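The values are calculated or read from the model by the stated rules, or taken from the named source; none is laboratory data. All figures in this text were calculated on a predicted structure; none of them were measured in a lab. Backbone-built Cβ (ideal geometry, glycine too); neighbour counts: all protein chains shown.
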Amino acid sequence: MAERGNAIITDHSQCIGCSACTRACPTRALRVRDKIVQTKQELCVNCGACVVACKHGALRARTSTSADLARFKVRVAVPSLVLYGQFGDDVRPQQILSAFRSLGFDRGCDISWVCETVAAAIDAYLTDCHGPWPRISMTCPAVVRLIQLKYPDLIPHLIPIDPPREVAPKLYRGRLASEYGVEPSDIGMFYISPCTALVDAIERPLGRRASSLDGAFSISELYGPLLRAIRSSPDIDSGDQVSIRGLRWVMASGELPGMRNLNSISVKGLQDVVYVLDRIEAGRFSGADFINAYICSDGCFSGQLTIASRYAAQRYLHQIVRQLGDPPPVKEERVRSLLQARLFELDDAILPRSALVPAADLRQTAARQRQKREIWSQLPKRDCAACGAPDCDSMAGDVVDGEAQLTDCPFLHVEELLRDHPTPKPVPHGERLIVRACCPHCGIMLTQGQHLEIAAVTPGAERPVRATLSAIVGETGAKLSGEGPEGTLTQLRCPECGVSLETGERCSLCSAPLARLPLRGGGTYQVCSRRGCAEQSISGPCTSEGLVALVGSAAEPPQEDS
């Protein structure tokens, strides 16, 4: 079953509970509960970092369908300018726009002139603006949602001007309706998006009661059909004239090339964006007029829904710009008239987003913080995500809110298991015994006969494979079975609950992640996740005598496998 929320679909049938997405999420919005990922929607900014981190197809973008196209008499594709850099420097923008006719669209609509116009409108706005400084672009919706969530005091710094993707339908819809002889409501305009944040901004618009666009498709899902159409008819040409200054908007990841205001800062990448926002909130950067911020490291070229690498796409677009002519810029009088007509203005307020339900008074808030700190002090501070939360701080908050238990932490669970069993009695030296190990999460016995049965995920594999270790105490040199040469890293999991057995500790011999298994009669056993490592033996890093004394009643004499 697929869970639909915001612009990202969670397919529970594909999720294996690996927690890779929880560690990647910049706002700590994801949790793994009962072996599947869950989203705290109030924390999600739809940046798409989880989509990139997931290697199993459990997270993907939610885009429009052919049924959405069928609702309109005239269907128009409005591609992000990033699309022009996906096919190579020998494919012109006009060829791409014309190729949309082969995909069920009536035409493609270039927005490079709109980008140039919006950049000029921002320039004019800054000339007449009186602060607060610096002003912040609204082009990247993930940055705007981050400000709503983490920096609500900076909302007045946002420039209240619609981005080009929202301005284009307002400029073109009426003209297209006249051209095709239909009502404006019969024109369906669909954005071709490079990232999930832009898809979400159409579904849940920022500063608008409803988006000017009617839906969105991803670049990745249309790339193949477009490429086939271009190759089958290489001479196709839409005849559109493209704005060089507008293309430089996406090449420089923002408005700056089209602006006369040079007192501006461009910042890209989550860490740098947070760094700058922290300092704006602290009163710094007030000498700058304009901040152009993108959540991705290379702006929209780094979007999760693109095909070409960000470096190749930028190079292709630079080559395309050199081949194109340089038409005259948009006239300033035209920009001023559109500003007076309020074409660029937002029609709704941008409000803060709170991640927490407001407490009745400050005393309750303070009490919650004290309780959270007390719980956090009991956690191991490893931030390993093995509990399903991205770090120990988030785990403490989940426990306070009743969404998790302390024993969801595998380290604390192992300690609880050890407390619940009596101290084992020593076993005479010389006996060959079998380790009785269990999963620290679900408690299932992993010992089967003379072997430990574990699931392992090898690099590039979509599903775990069966792996076995000798369960006989003192037998050295035991290795994981299954495919892959020695030295291959594997991710060890419980075959029953599927949760990772790794704890964040590292092997003292090869530095690979270690899995820790509690023993039935007390004690624990560590297993290295690298095939062929000596610490994959049952004796581990200690001697056979020491391990026998440790396991005691947790082991039993081996029986021959039948």
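Condition check ((1) within 29 Å of ASN46 (Cα to Cα); (2) at pLDDT 90 or above; (3) of a type in the set (D, E, K, R)) across all residues:
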site	(1), (2), (3)
ILE291	yes, yes, no
ILE307	yes, yes, no
PRO327	no, no, no
VAL330	no, no, no
PRO358	yes, no, no
GLN371	no, yes, no
For this session: Output the number of the condition that VAL267 fails; it satisfies all remaining conditions of (1) part of a helix (DSSP H, G or I); (2) in contact with a strand residue (DSSP E or B) (Cβ under 7 Å, 6 or more places away or on another chain).
Result: (1)
Problem set entry | Residue among GLU203, GLU221 that is acidic (Asp, Glu), farther than 16 Å from LEU171 by Cα and out of contact with any Leu (no Cβ under 9 Å at 6 or more places or on another chain) | GLU203
Problem set entry | All positions within the stretch 175-203 that are outside any helix (DSSP H, G or I) and either touching a helix residue (DSSP H, G or I) at 6+ places or on another chain (Cβ under 9 Å) or hydrophobic (A, V, I, L, M, F, W, C) (or both) | VAL182, GLU183, ILE187, GLY188, MET189, PHE190, TYR191, ILE192, SER193, PRO194, CYS195
Exercise. ILE161: closer than 23 Å to VAL250 by Cβ and of a type in the set (Val, Ile, Thr), yes or no?
Worked result: yes
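Quick grid of which residues meet (1) touching a residue at least 24 places away in the same chain (Cβ under 8 Å); (2) assigned by TED's automatic domain parsing to the domain that holds LYS268; (3) in a helix (DSSP H, G or I):
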site: ARG31; (1), (2), (3): yes, no, no
site: LEU43; (1), (2), (3): yes, no, no
site: VAL76; (1), (2), (3): yes, yes, no
site: GLY88; (1), (2), (3): yes, yes, no
site: GLN94; (1), (2), (3): yes, yes, yes
site: ALA121; (1), (2), (3): yes, yes, yes
site: GLY131; (1), (2), (3): no, yes, no
For this session: Considering only the stretch 250-260, state which residues are crowded, with 17+ Cβ neighbours inside 10 Å and out of contact with any Gly (no Cβ under 6 Å at 6 or more places or on another chain).
Result: VAL250, MET251, GLY254, GLU255, LEU256, PRO257, GLY258, MET259
Exercise. Out of the stretch 188-207, which residues are in contact with a strand residue (DSSP E or B) (Cβ under 7 Å, 6 or more places away or on another chain) and over 13 Å from ALA7 (Cβ atoms)?
Worked result: GLY188, MET189, PHE190, ILE192
Problem set entry | Hey, ILE291 surrounded by 11 or more Cβ atoms within 10 Å (Cβ to Cβ) and within 20 Å of HIS130 (Cβ to Cβ) or not | yes
Problem set entry | Residue satisfying condition, being farther than 30 Å from ALA24 by Cβ, out of contact with any Ser or Thr (no Cβ under 8 Å at 6 or more places or on another chain) and not hydroxyl-bearing (Ser, Thr, Tyr), within set ILE320, ILE295, ILE265 | ILE320
Exercise. What residue, among those in the stretch 218-242 that are crowded, with 20+ Cβ neighbours inside 10 Å and in contact with an Asp or Glu (Cβ under 9 Å, 6 or more places away or on another chain), is modelled with the highest pLDDT?
Worked result: VAL242
Problem set entry | Tally of residues being outside any loop (DSSP other than H, G, I, E, B) and over 13 Å from the mean Cα position of the chain (by Cα) across the stretch 45-74 | 6
For this session: State yes or no: is TYR172 part of a helix (DSSP H, G or I) and in contact with a strand residue (DSSP E or B) (Cβ under 9 Å, 6 or more places away or on another chain)?
Result: yes
Exercise. Yes or no: ASP11 of a type in the set (D, E, K, R) and either surrounded by 19 or more Cβ atoms within 10 Å (Cβ to Cβ) or modelled with pLDDT of 95 or more (or both)?
Worked result: no
Problem set entry | ARG322 of a type in the set (Lys, Arg) and modelled with pLDDT under 95 | yes
